[in-house]
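These notes are about the structure you will find just below.
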Amino acid sequence: MAQAVEYQPAIICAVTPRLSCAVAMIRCSGESCHELLRPCLRFAKTLSPKDWPLHDRKMLRCEVIDPERGEVIDDGLCVFFKGPNSYTGEDVCELYIHGGLYLVDSVIKVCLRLGFRASEPGEFTRRAYLAGKIDLTQAEGIRELTEATSESQWRAARTLVRGALREHIESIRTKIIHIRSLIEASIDFPEESDTQNLHQSEYLLLIRELRKELLELQITYPSGRVATHGLQVVLCGRANAGKSSLMNALAGKSRSIVTDTPGTTRDYLDVSLLIRGHKVIVYDTAGLRQPLQVPQKLGWDGIPEAEIIAIKKTLSLALKADLVIVVQPNTDASPLSLTDYLSCYGDDLGFSGAQISAPMLQVRTFGDQITEPPAWGEDSDVVVALGPDQPPQGIEPLKAKIARIASQSSVLLNPEVFICTPRQKMAIDQALLNMNQALQLAETDDYEELLAYEMKNVSDSLDSILGNITTDDLLDQMFSQFCLGK
């Protein structure tokens, strides 16, 4: 369990980004922080400032003053939370004032003069974790909750915050501890009657059941990642196929530059969208060009280096995508196959043996320039018209297909237990690696010391998910991604 550490009291305005608003909250945390804050608060005559801590968790009317000038800055509200019954586990004070930027800055300056310091991103949640109020999975859920822009993100974040993953991990750890106790008892007391009856089949049954639970958790990662971070959609196609126009039509604004000159897009562009309640990140990529035909061979020598690098980035994104949209002009009778493209040129570009695992959707552009689809068209394809002088056509059916795929990606997601961050995925992968090695040892009914060691490694990997075993570098990286004031 994480140990509480001593911090200097911290203060932060919880309005992020800094915008004018109706009400702003200033949160202070640290032992006896109310003592530091007391000089800038003036309560009604019936309440002495010394009695403020007696009104734990009660909202009180107050004036916020500048003690140096004796000037009232604002009328507001304040509340005191006595530790450990607070968000951070420490004494916490919260001020609620009008949200004008000048007002907020003035109060913060007063607080800094009184002895507070500005908090770091995520510091309040980090304090909660170090005080044992939450584990790392719940901290990650809090971060996702503050960043949620879609219903699926909100639901996934709420599940993490409520501790479902923590409870599941702890349940698995309890079973591992039981297995380890059996193994180590057999090692330490081989002649005892209780341990003489232990048999290989008992180890195998328990380890196989645990391995199955870890596998079931591992396969939730793609769905969990989509639910929390959005569906990654990559637009691929040849130069001038209409990828940038399609991205602009999906975004409803001019995000990509569109010209008749091939190769306008070098580096990829991305835009975050909300499509039918699902967060979707769309990537516009460079056109896929084939090597030049030179005597007796195909070569990349005549193609600019920047274009080759751009093609590599396109393929790299496609290999990691949740959905690949292949954009093909409706007037082009020769379809583009990404599978064939990788097979032919993957070795030259550094993608030897790579295959796209994401579903692929065909979008045929220039639908306004032809009345009949080419022979390669399928009923599942989407035809769009993206002419510069008319509203885009066919975008709504395309959005419906994207939303359906986003929904399908979350259907496999257990609403109670899933993993959704690379950190969690790496820990589960390592736990499974050690579990597989433990299973091999159990099947040979030998080397019980090594078997106990591998089971300990499994337990350590699961502990790292909850944060029971961690490093300062990991905490610094994780909490730095939080917004200020959380």
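Tabulated data for the structure shown
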item: Accessible-area value, Arg158, 1.4 Å probe, nucleic acids and ligands omitted, Å²; result: 90
item: Cut-off under 5 Å, modelled amide H: who pairs with Ile73 long-range; result: Val64, Ile65, Asp66
item: Solvent-accessible surface (1.4 angstrom probe) belonging to Leu60, in square angstrom, nearest 10; result: 30
item: Residues whose placed amide H lies under 5 Å from that of Gly99, excluding near-sequence neighbours; result: Cys21, Val23, Ala24
item: Pairs from Lys320/Lys456; Lys175/Lys279; Lys58/Lys109; Lys313/Lys401; Lys82/Lys109; Lys253/Lys312 whose Cα-Cα separation, in the structure shown, is over 31 Å; result: Lys320/Lys456; Lys175/Lys279
item: For region 242-248, 3J(HN,Hα) per residue [Karplus equation, 6.51 cos²θ - 1.76 cosθ + 1.60, θ = phi - 60°, Hz, x = Gly/Pro]; result: x, 5, 5, 5, 5, 4, 4
item: Most to least accessible of Glu416, Glu213 (protein chains only, probe 1.4 Å); result: Glu416, Glu213
item: Accessible-area order (highest first, 1.4 angstrom probe) of the listed residues Tyr203, Tyr447; result: Tyr447, Tyr203
item: Cα shape, region 127-169, gyration tensor, a/c 1.5 rule; result: oblate
item: Solvent-accessible area, 1.4 Å probe, carbon plus sulfur percent, for region 8-161; result: 55
item: Probe 1.4 Å, all protein chains present, accessible-area order of Ile405, Ile303, largest first; result: Ile405, Ile303
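The values are calculated or read from the model by the stated rules, or taken from the named source; none is laboratory data. Every value quoted in this text rests on a predicted model; they were computed, and no experiment measured them. These accessible areas exclude ligands, DNA and RNA; they are computed on the full protein's heavy atoms, side chains included. Shrake-Rupley method; radii C 1.70, N 1.55, O 1.52, S 1.80 Å.
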